[in-house]
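The values are calculated or read from the model by the stated rules, or taken from the named source; none is laboratory data. Not measured: the values here are computed from a predicted model. Ideal geometry is used to build each Cβ from the backbone, glycine not excepted, and the neighbour counts take in all protein chains shown. These area figures cover heavy atoms from the full protein model, side chains too; ligands, DNA and RNA do not enter into them. Shrake-Rupley method; radii C 1.70, N 1.55, O 1.52, S 1.80 Å.
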Amino acid sequence: MAGHAARGASLLSRSRTARGAAARASGVMPACVIATAGTVNTGAIDDLEAIANLCASEGLWLHVDGCIGALLAIAPQSRTLVRGIERADSIALDPHKWLHAPFEVGCALVRDAKAHLCTFKVTPEYLENAPQGIASGAWLHDFGLQTSRGFRALKVWMALKEHGVAKFGRLIEQDLAHARYLTEQINAAPHLELCLPTSINIVCFRCNPGGLSEPELKKLNIEIMVRMQEAGVAAVSDTSIRGRHCLRAAINNHRTRRVDLDILVDQVASLGLALNAGIVGARN
């Protein structure tokens, strides 16, 4: 199996390289590849190692959208899920997710500090450096679009200093374990179905009591979601995957317990059966 996978990856790489050469020959110059470490809907992760190899061979900038999953890199057992992310030229991530930082704070990491600086730096007279005084230091605003802004990074720095990277990594592993547990409970529950395999901490599923059309299933599961939200039972969201409407449980809270997930499964199933009776009755 490993040999087949390696040959498949090699063929894919050659195909992409050929397309890149054809694009250059036609006057189109590829500049970068944007890979994803954790999609919003499902948590799916690209093959970052293979994409990094392609970018290295083609001389392309590799940016990784890791707003959902980049911090898997600090998870002790699960960091291999984002193997290759360390080779990126730039990474975007959201500390308000797995670092539990309060809004508003986002983070962009750029490998080449000089390239980062030259991209944004402007030097009108009032922002020129000086050999002495306040203006002798580095202007941190030269690394971004905003000149006047608050010290958003302070809350992230303080959290890391207080708790340490290892603790956040353990909490990430805890969320992943909860997602696996929820997946098992869904697979074992009558009338519930998993819509996609669980990749990280996002579980996509729905109530499907049988005999309903896709529009009816969507109506049923939206009503389940809204009732749970309004009752304060669970704050699940929803999404559509490959034409199927799903409930989406994103497990990020370090206070989540297995009993909370049991309640979620029970509520989705019981609400679904009760509401389904009304749908079937209205149809008849």
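Counting only DSSP beta bridges with both residues in the chain, what percent are antiparallel, rounded to the nearest 5?
70
Could you pull out the GluC sites (Glu not before Pro) across the stretch 61-136 that fall in loop regions by DSSP (anything but H, G, I, E, B) with no more than 14 other Cβ atoms inside 10 Å?
The qualifying sites are Glu104, Glu128.
If the cut-off is 24 Å between C-alpha atoms, which lysines fall inside it for Lys97, apart from same-chain ones fewer than 8 positions away?
Lys97 reaches Lys155, Lys161, Lys167.
So what is the calculated 222 nm ellipticity per residue for the chain, using -39500 (n - 2.57) for each DSSP H run with n of 4 or more, over all residues, to the nearest 500 deg cm²/dmol?
-14500 deg cm²/dmol
Sticking with the crude label model, points 7 Å out along Cα→Cβ, report the distance from Lys114 to Ile222 in nm, one decimal please.
For the pair Lys114/Ile222, the computed spacing is 5.5 nm.
Whenever you get a sec, compute what percent of the accessible area on the chain sits on carbon and sulfur atoms (1.4 Å probe).
Using a 1.4 Å probe with all protein chains present, the chain comes out at 57 percent carbon and sulfur.
Please work out whether the stretch 133-238 counts as rounded, prolate or oblate from its C-alpha gyration tensor, where a ≥ b ≥ c are the square roots of the eigenvalues and a/c under 1.5 means rounded, while otherwise a/b larger than b/c means prolate and anything else oblate?
Prolate is the answer for the stretch 133-238, as a/c is 1.5 or above and a/b outweighs b/c.
Under 4.7 Å Cβ to Cβ, no partner at all: give me those cysteines from the chain, in residue order.
For the chain, the answer is Cys32, Cys55, Cys67, Cys107, Cys118, Cys207, because their Cβ atoms have no other cysteine Cβ under 4.7 Å.
I need two numbers for the stretch 58-118: Rg to one decimal and Dmax as a whole number, Cα atoms only, in Å.
In Å, with Rg to one decimal and Dmax whole: 12.6, 39.
For a quick protection proxy, order the peptides 205-218, 31-44 by their average other-Cβ count within 10 Å, most packed first.
31-44, 205-218
Using alpha carbons only, how many angstrom separate the centre of the stretch 78-113 from the centre of the stretch 160-220?
Each part's Cα centre sits 23 Å from the other's.
Based on the mean of other Cβ atoms within 10 Å per residue, sort peptides 182-188, 91-97, 136-142 so the most packed one is first. Each step should come with its number before you reach the end.
Details: 182-188: 17.0, 91-97: 19.9, 136-142: 12.1.
Averaged packing, sorted descending, gives the order 91-97, 182-188, 136-142.
Could you order the peptides 49-55, 60-66 from most to least packed, using the average number of other C-beta atoms within 10 Å per residue?
Taking the mean over residues of other Cβ atoms within 10 Å, the ranking is 60-66, 49-55.
Going toward the positive end of the dipole of the chain, with +1 on Lys and Arg Cβ and -1 on Asp and Glu Cβ, which of Leu54, Gly66, Ile263 do you reach last?
Leu54
Hydropathy first: keep DSSP H helices in the chain averaging at least 0.0 on Kyte-Doolittle, then drop any whose Cα extent along the axis falls short of 20 Å, and list what survives.
Helices passing the filter in the chain: 258-283.
Just the number please: accessible area per residue for the chain, 1.4 Å probe, all protein chains included, in Å².
57
Would you work out which of Leu117, Ser148, Asn187 lies farthest towards the positive end of the dipole of the chain? Charges go on Cβ: Lys and Arg +1, Asp and Glu -1.
Value computed over the given set: Asn187.
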